[in-house]
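First comes the structure, then the notes that go with it.
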Amino acid sequence: MSRARGLADTARRIAPLAWPVFVGQVAVLAFATVDTMMAARAGGTDLAALAIGGAAYITVFVGLMGVVLAISPIAGQLYGAQHFEACGAQLHQAMWLALALSVPGCLVLLFPQPFLDLARAQPEVAVKVRGHLAALAVALPPALLFTAFRGFNTAVSRPKIVMLLQLCALALKVPLTALFVFGGGPITAMGAPGCGTATAVCMLLQFGAVWLILKRDPFYARFHIGERISPPHRGSIAALIRLGIPMGGSIMIEVTGFTFMAFFISRLGATPVAGHQIAVNLVSLMFMMPLAIANASSTLVAQRIGAGDPGDAHRIGWNGLEIGVAISAVMGGFVYVFREAILGLYTREPVIVAAAMPLLAWVAVFHIADAAQAIAGFVLRAYRIAVVPLVIYALAIWGVGLAGGYVVAFNVTGLTPPALLGAVGMWSTATAGLVVAAVGMCGFLAWMIRSQRSVNPSARSR
């Protein structure tokens with residue numbers, strides 16, 4: 001198969017799985033976008049509280065989410081091998097795991113003093129952070145249960161039902177957030193904590209819809225999911241944990257590399273952290289496209305591994321990486337050129353726009369590297385390879401990005417140029433960390449594919 005035909009064939013197979021994931025993940029991110037826009041209009045204190053509280057919640061949720069999402073490669077390989085009942089059993093076990101992980105997660109959110117100390121939050125900001133996280137503690141269990149459902153549906157190539165539920169939750173989120181943030185009727189204005197309250201209501205209703213779908217949708221009959229709830233199975237949960245802990249660790253490192261930026265930048269004042277919050281929200285929105293391609297590529301690779309076709313698995317994985325990087329280069333360039341106009345959609349405050357503008361000067365390189373490392377990492381997870389990505393992330397994102405950013409931004413060595421002091425320094429090293437992660441992930445993926453082909457010549461792409 002020629003290179004052009006191979007890329008076109010992979011793109012045709014990725015697209016039906018990627019676009020619903022993209023739309024659904026944009027809807028999820030729109031939760032944060034809605035919160036950011038409404039908190040910004042409520043005031044600088046509320047936006048700063050949202051930045052700190054949001055960083056704390058994402059740190060907790062994403063790490064736990066990564067463990068639960070171990071269901072995707074495991075169920076995907078079982079689905080590819082047509083072991084449908086065993087595949088369905090993985091969903092029940094992932095849900096039991098989600099409930100167990102919710103306990104420590106909720107405790108951290110209800111007692112957030114370490115995050116407040118790290119951010120050195122002012123008293124008026126700290127009060128709002130506590131209220132916001134208390135509401136999100138209610139949202140965490142149903143959110144993790146929905147994660148198990150999402151991971152299962154990704155594995156069995158059925159992302160549209162997840163997308164529909166995410167869009168419905170967003171449609172409910174917008175009016176609820178406005179109501180709780182600004183008040184109305186008997187509801188008093190809550191500011192930033194209103195964002196968390198609206199999210200909690202949406203997550204509870206969303207999982208209620210999931211339960212009805214699992215019981216009544218005939219698609220799930222062959223998996224025997226809705227017939228009865230399987231009790232916890234030690235071996236299955238242990239397998240999820242073995243793969244999920246390094247997966248969750250990788251995702252947590254990736255996310256905390258940026259959420260901890262919010263804690264450090266908040267030490268500079270409300271305006272810098274508000275600018276950072278807007279910039280993070282924008283690049284997170286951009287990330288949804290490579291994330292969708294990563295999910296689709298990983299799903300197809302896992303299914304082809306289960307079907308015993310390693311050559312096709314290799315080709316899909318590498319071609320998905322090439323397609324994602326190309327699209328991200330176009331997106332990054334576009335946002336860089338029009339960044340001032342885009343920031344105007346978030347806020348009318350010139351001082352906040354001025355704080356965010358220099359951060360987005362790094363957006364093109366940042367986004368391309370972010371896409372490459374994410375897609376390569378997802379493909380490796382389809383092969384159940386998670387420990388090496390964990391090490392790469394720790395060195396690149398925590399080492400180069402976060403630790404290096406602190407040294408540069410706060411001029412620890414006394415050698416930082418004036419142009420890189422403060423938030424700009426954090427973003428410059430975060431970009432460098434992503435470049436290191438992308439090179440490491442892509443290099444390891446290429447080495448793994450070459451190694452498998454040398455051991456098994458039949459694994460060569462046809």
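Tabulated data for the structure shown
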read-out	value
Checking residue 102 against (1) of a type in the set (S, T, N, Q); (2) at pLDDT below 95; (3) open to solvent by less than 50 Å² (accessible area, probe 1.4 Å), the condition it does not meet	(2)
All positions within segment 252-280 that are more than 12 Å from the chain's Cα centre (by Cα) and either aromatic (Phe, Trp, Tyr) or closer than 23 Å to residue 163 by Cβ (or both)	260, 263, 264
Residue match in segment 69-87 (condition: closer than 30 Å to residue 115 by Cβ and open to solvent by 10 Å² or more (accessible area, probe 1.4 Å))	yes
Considering residues of segment 388-416 that are touching a residue at least 60 places away in the same chain (Cβ under 8 Å) and under 24 Å from residue 288 (Cα atoms) only, the residue surrounded by the fewest Cβ atoms within 10 Å (Cβ to Cβ)	394
Output for segment 260-283, where each listed residue is of a type outside the set (D, E, K, R) and not in a helix (DSSP H, G or I)	268, 269
Test set (1) open to solvent by 10 Å² or more (accessible area, probe 1.4 Å); (2) out of contact with any Phe, Trp or Tyr (no Cβ under 7 Å at 6 or more places or on another chain) - residue 295 fails condition number	(2)
Every pair of residues 6+ apart whose Cβ atoms lie under 6 Å, when the first sits in segment 107-136 and is free of Cβ contacts under 8 Å to residues at least 40 places away in the same chain and more than 12 Å from residue 50 (Cβ to Cβ) while the second is open to solvent by less than 80 Å² (accessible area, probe 1.4 Å) and in a loop (DSSP other than H, G, I, E, B)	none
Flag for residue 385 being more than 21 Å from residue 275 (Cα to Cα), assigned to a helix (DSSP H, G or I) and open to solvent by less than 60 Å² (accessible area, probe 1.4 Å)	no
Residue match in segment 284-292 (condition: in a loop (DSSP other than H, G, I, E, B), open to solvent by 10 Å² or more (accessible area, probe 1.4 Å), on the phi < 0 side of the Ramachandran plot and in contact with a Gly (Cβ under 8 Å, 6 or more places away or on another chain))	no
Of all residues making up segment 165-186, the number that are touching a residue at least 12 places away in the same chain (Cβ under 8 Å) and either out of contact with any strand residue (DSSP E or B) (no Cβ under 9 Å at 6 or more places or on another chain) or of a type in the set (A, V, I, L, M) (or both)	15
Filtered residue count, segment 141-186, keeping only those that are at positive phi and within 22 Å of the chain's Cα centre (by Cα)	1
Complete set of residues in segment 246-283 that are farther than 17 Å from residue 358 by Cα and open to solvent by 30 Å² or more (accessible area, probe 1.4 Å)	252, 255, 260, 267
Residue within segment 24-45 that is under 30 Å from residue 237 (Cα atoms), of a type in the set (Phe, Trp, Tyr) and open to solvent by 20 Å² or more (accessible area, probe 1.4 Å) present	no
Tally of residues being in a helix (DSSP H, G or I), of a type outside the set (A, V, I, L, M, F, W, C) and open to solvent by 50 Å² or more (accessible area, probe 1.4 Å) across segment 1-16	5
Selection count, segment 151-168, where residues are in contact with a Ser or Thr (Cβ under 9 Å, 6 or more places away or on another chain) and either open to solvent by 30 Å² or more (accessible area, probe 1.4 Å) or closer than 15 Å to residue 195 by Cβ (or both)	1
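Table: residues versus (1) open to solvent by less than 70 Å² (accessible area, probe 1.4 Å); (2) over 20 Å from residue 258 (Cβ atoms); (3) at pLDDT 90 or above.
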site	(1), (2), (3)
418	no, yes, no
423	yes, no, no
442	yes, yes, yes
446	yes, yes, yes
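The values are calculated or read from the model by the stated rules, or taken from the named source; none is laboratory data. This structure is a prediction, so every number in the text was calculated from the model and none was measured. Positions of Cβ are backbone-derived with ideal geometry, glycine not excepted, and every protein chain shown enters the neighbour counts. When the accessible area is computed, the model is the full protein with side chains, heavy atoms only, and any ligands, DNA or RNA have been set aside. Shrake-Rupley method; radii C 1.70, N 1.55, O 1.52, S 1.80 Å.
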